[in-house]
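Everything below concerns the one structure shown next.
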Amino acid sequence: MEGSRDPYGENMPSYFQLLTDVKWGAEQNLREWAPNTLSSWPSEFIHSLVKYGHLTWIDICLIVALAVLWTILRYTATRLCLIPLGQWLQLTPHNMNVKFPESTWKCFFYSMTWSYECYVVLWSGHTDFFQKPLTIWTDWMPSVPVPAEIYWLYMIQLSFYVHCIYACLYMDHWRKDTLVMLFHHLLTLALVGVSYATRFHKIGVLVLFCHDINDICLEFTKSNVYLKDRGHKYHALNDHMATAGFFSFAVTWFVFRLYWYPLKVLHTTGYGSMLYSPQPKMPFYFFFNVV
């Protein structure tokens with residue numbers, strides 16, 4: 001297997017090849033680490049995090065400051081722009097005060113962050129790991145400097161999920177799945193935070209790129225659902241736009257999460273990380289591939 005048929009991952013593997021390669025990578029990782037690693041997983045994980053993690057107080061303070069900034073911006077935009085807009089559009093009181101501002105804010109934020117992710121991954125000219133995902137691991141080292149454009153993307157994303165935890169409890173509409181969403185925000189914060197601290201930032205950017213576009217489509221659809229019944233009238237344009245948003249959600253879910261995510265992201269984390277990493281042992285292999 002080590003004589004790969006496609007050394008840089010320029011050609012997309014098949015789903016069968018994905019399973020075969022990841023199986024090989026998992027077996028390699030288990031052989032390289034001590035046999036008792038799984039039985040002592042919590043302590044081994046903490047030890048690896050202390051050994052390989054690199055997070056400064058400047059990073060933490062910046063994340064907290066930006067989280068406060070997103071909260072202030074959302075509150076200000078809601079009170080000064082989105083609620084008055086809902087009143088002008090004659091939305092129902094609950095949609096006007098809660099649902100419409102929430103979805104519009106999230107749609108705007110994810111649109112901005114995903115556009116920046118497209119710049120970093122596709123247009124900046126500084127990276128080629130979307131085209132050659134296996135090359136992500138050739139220069140991985142603990143505490144390697146993070147490029148400025150990726151650093152700011154991480155600071156924005158980490159601070160936003162800190163904000164989301166607060167917003168989920170105190171700003172968002174309370175739903176049946178609110179606790180599930182709170183767990184999702186906590187888990188996402190942990191995954192993004194560990195990937196930054198351990199300098200797995202290249203693969204982290206690909207994960208964000210493959211996930212955030214679906215949130216744009218989802219929140220766009222929800223906003224138009226709230227807009228289709230307003231002023232005691234049915235508005236067909238918003239109904240059609242909601243349908244288009246749902247269709248785009250389905251298409252992007254298939255392309256980004258069912259095609260590119262497994263065949264680019266999971267293939268390189270499960271296989272490329274073991275084949276090309278310059279480190280004799282690859283830490284956090286099962287943490288990132290399972291969680």
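Across the chain, Cα pairs under 8 Å and at least six residues apart give a relative contact order of 32 percent.
When restricted to Cα atoms, the range 231-285 yields an Rg and a Dmax of 20.6, 67 Å, respectively.
Put simply, when 204-216, 170-182 are sorted by average Cβ atoms within 10 angstrom per residue, most first, you get 204-216, 170-182. Electrostatic tally near HIS126: other residues with Cβ closer than 14 Å to its Cβ, Lys and Arg +1, Asp and Glu -1, net -2. Taking THR71, THR56, THR92 as the candidate residues, the one with maximal mean-square fluctuation in a Gaussian network model of the chain, Cα springs under 10 Å, is THR56. For the chain, the mean residue ellipticity at 222 nm estimated from helices alone is -20000 deg cm²/dmol, where every DSSP H run of n ≥ 4 contributes -39500 (n - 2.57) and the total is divided by all residues, rounded to the nearest 500. For the range 149-219, the relative contact order works out to 34 percent when only alpha carbon pairs closer than 8 Å and six or more residues apart are counted.
Neighbours of PHE249 by Cβ distance under 14 Å: Lys/Arg scored +1, Asp/Glu scored -1, total 0. Of the accessible area of the chain, computed with a 1.4 Å probe over protein heavy atoms only, carbon and sulfur atoms account for 70 percent. Here is the P(r) of the chain: all C-alpha pair distances, binned every 5 Å from 0, give 1, 5, 10, 14, 16, 15, 13, 10, 7, 5, 3, 1, 1, 0 in whole percents. What the Kirkwood sum gives for the range 99-185 is a hydrodynamic radius of 15.4 Å, with every pair of different alpha carbons counted.
What is the log10 of I(q)/I(0) for the range 58-158, computed with the Debye formula using one identical point scatterer on each Cα and no solvent, at q = 0.11, 0.12 Å⁻¹? Those come out to -0.51, -0.59, one per q. Among residues other than LEU85 whose Cβ falls under 14 Å from its Cβ, what is the net charge (Lys/Arg +1, Asp/Glu -1)? The answer is +2. Checking the cross-link pairs LYS99/LYS222; LYS106/LYS222; LYS176/LYS228; LYS106/LYS264; LYS202/LYS264; LYS23/LYS202 against a 18 Å limit on the alpha carbon distance flags LYS176/LYS228; LYS106/LYS264; LYS23/LYS202 as lying beyond it. Note that the chain presents 52 Å² accessible area per residue, ligands and nucleic acids not counted, probe 1.4 Å.
I'd like the accessible area for MET96: 1.4 Å probe, protein heavy atoms, all chains in place, Å² to the nearest 10. Accessible area, nearest 10 Å²: 30 Å².
Against the criterion of solvent-accessible heavy-atom surface with a 1.4 angstrom probe, SER14, SER195 sort, most first, into SER14, SER195.
Which of the helices in the chain, when you take each full DSSP H run, stretch at least 18 Å along the axis at their Cα atoms and have an average Kyte-Doolittle score of -1.0 or higher? Walk me through the numbers on the way to the answer.
Details: long enough: 15-32 (26 Å, -0.69); 57-77 (30 Å, 1.76); 100-118 (27 Å, -0.28); 148-170 (33 Å, 1.04); 178-197 (28 Å, 1.67); 201-227 (39 Å, 0.63); 236-252 (24 Å, 0.75).
Sorted by number, the helices that extend far enough and score high enough are 15-32, 57-77, 100-118, 148-170, 178-197, 201-227, 236-252.
The values are calculated or read from the model by the stated rules, or taken from the named source; none is laboratory data. All values derive from a computational prediction rather than experimental measurement. Neighbour counts run over all protein chains shown; Cβ positions are idealised from the backbone, glycine included. These area figures cover heavy atoms from the full protein model, side chains too; ligands, DNA and RNA do not enter into them. Shrake-Rupley method; radii C 1.70, N 1.55, O 1.52, S 1.80 Å.
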